[in-house]
1. State whether the residues of the stretch 144-157 include one that is in contact (Cβ under 8 Å) with a residue 40 or more places away in the chain and open to solvent by 50 Å² or more (accessible area, probe 1.4 Å).
2. Considering only residues that are part of a helix (DSSP H, G or I) and within 15 Å of the chain's Cα centre (by Cα), which ones fall in the stretch 51-74?
3. Scanning for something crowded, with 21+ Cβ neighbours inside 10 Å, touching a residue at least 12 places away in the same chain (Cβ under 8 Å) and aliphatic (A, V, I, L, M), does the stretch 135-143 turn up at least one residue?
4. Would you check which residues across the stretch 46-93 are touching an Asp or Glu at 6+ places or on another chain (Cβ under 9 Å), more than 19 Å from A22 (Cα to Cα) and in contact (Cβ under 8 Å) with a residue 40 or more places away in the chain and list them?
5. When you scan the stretch 193-209, do you find a residue that is modelled with pLDDT of 95 or more, farther than 28 Å from H40 by Cβ and over 17 Å from the mean Cα position of the chain (by Cα), even just one?
6. Among all residue pairs at least 6 apart or on different chains, which show Cβ distances below 7 Å where the first residue, located in the stretch 194-217, is without any contact (Cβ under 8 Å) to a residue 40 or more places away in the chain and the second is in a strand (DSSP E or B) and open to solvent by less than 40 Å² (accessible area, probe 1.4 Å)?
Amino acid sequence: MHQDSLGSINIISSPTLPFSQACENNKDAILTVLQDVLKHSTHVLEIGSGTGQHSVYFSPKLPHLQWQTSDVATNHATIKAWHEAYPAPNLYGPLPFNLLVDSLPISLASKQSYDAVFTANTMHIIAWSLVEKLFALVGYALPLNGKLVLYGPFNDNGSYTSEGNRQFDAMLRQCDVNSGIRDKEAIIKLATTHHLALLTTHKMPANNQLMVFKKTR
């Protein structure tokens, strides 16, 4: 792992910390958007925190936010290891969250309701039925004007945005027929059924996109 600035902390590759390149890709571009769209938010739930790399990178650069991580229980040890290596006062350890069986997790540590949700590289991994459940849970939990931020690869008008995404989609579907890159228009349509209106779409490097939704009622 190349050296990266994390405030006054440098993240350097360590054999004791599992590493995800997907978390590193575009993290600065994502942060630039988060600094703008979440400037009035106070408590964000990260769904699918993975290794925890995003949380330790974003939380100290967004000190006005309480950053709550969550994931399936099997990923908690890795997330906690990253948090121990790079702690931040506004960063909270992972809550158990399995879309198959769970409702949106409640943060007992911060004593605050979520007014933002962030999830990266999840929509193409989970089945469409779970994408639908995620939007239902988030749409119900967010307050008026709450934000949902999605990052990852998406198709435009049913078409791949690059040959790389086409190959990536084929690999995903070969591993799991229920996974695959989602059509942006289908995501937007689903969001509207849960009172989440698209605010902005940001083109990210390497043929990824970041979509920002706002709870309208």
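1. Checked the stretch 144-157: at least one residue is in contact (Cβ under 8 Å) with a residue 40 or more places away in the chain and open to solvent by 50 Å² or more (accessible area, probe 1.4 Å).
2. Hits for the stretch 51-74 are Q53, H54, S55, V56, Y57, F58, S59.
3. yes
4. Q68
5. No, that holds for no residue.
6. A197/F213; L198/M211; L198/F213; T201/Q209; T201/M211; K203/Q209
Results for (1) under 19 Å from N98 (Cα atoms); (2) modelled with pLDDT under 95; (3) hydroxyl-bearing (S, T, Y); (4) touching a Phe, Trp or Tyr at 6+ places or on another chain (Cβ under 6 Å), shown as yes or no for each residue.
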{"site": "T32", "(1), (2), (3), (4)": "no, no, yes, no"}
{"site": "V37", "(1), (2), (3), (4)": "no, no, no, no"}
{"site": "H40", "(1), (2), (3), (4)": "no, no, no, no"}
{"site": "L45", "(1), (2), (3), (4)": "yes, no, no, yes"}
{"site": "V56", "(1), (2), (3), (4)": "no, no, no, yes"}
{"site": "W67", "(1), (2), (3), (4)": "yes, no, no, no"}
{"site": "A73", "(1), (2), (3), (4)": "yes, no, no, no"}
{"site": "I79", "(1), (2), (3), (4)": "yes, no, no, no"}
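Residue-by-condition table, conditions (1) part of a loop (DSSP other than H, G, I, E, B); (2) at pLDDT 95 or above; (3) touching a His at 6+ places or on another chain (Cβ under 8 Å); (4) surrounded by fewer than 19 Cβ atoms within 10 Å (Cβ to Cβ):
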{"residue": "K111", "(1), (2), (3), (4)": "yes, no, no, yes"}
{"residue": "T119", "(1), (2), (3), (4)": "no, yes, no, no"}
{"residue": "K133", "(1), (2), (3), (4)": "no, yes, no, yes"}
{"residue": "L172", "(1), (2), (3), (4)": "no, yes, yes, yes"}
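The values are calculated or read from the model by the stated rules, or taken from the named source; none is laboratory data. Because the structure is a prediction, the values reported are computed rather than measured. Heads up, the Cβs are rebuilt from the backbone with ideal geometry, glycines too, and the neighbour counts pull from every protein chain shown. Accessible surface areas use protein heavy atoms only, side chains included; no ligands, DNA or RNA. Shrake-Rupley method; radii C 1.70, N 1.55, O 1.52, S 1.80 Å.
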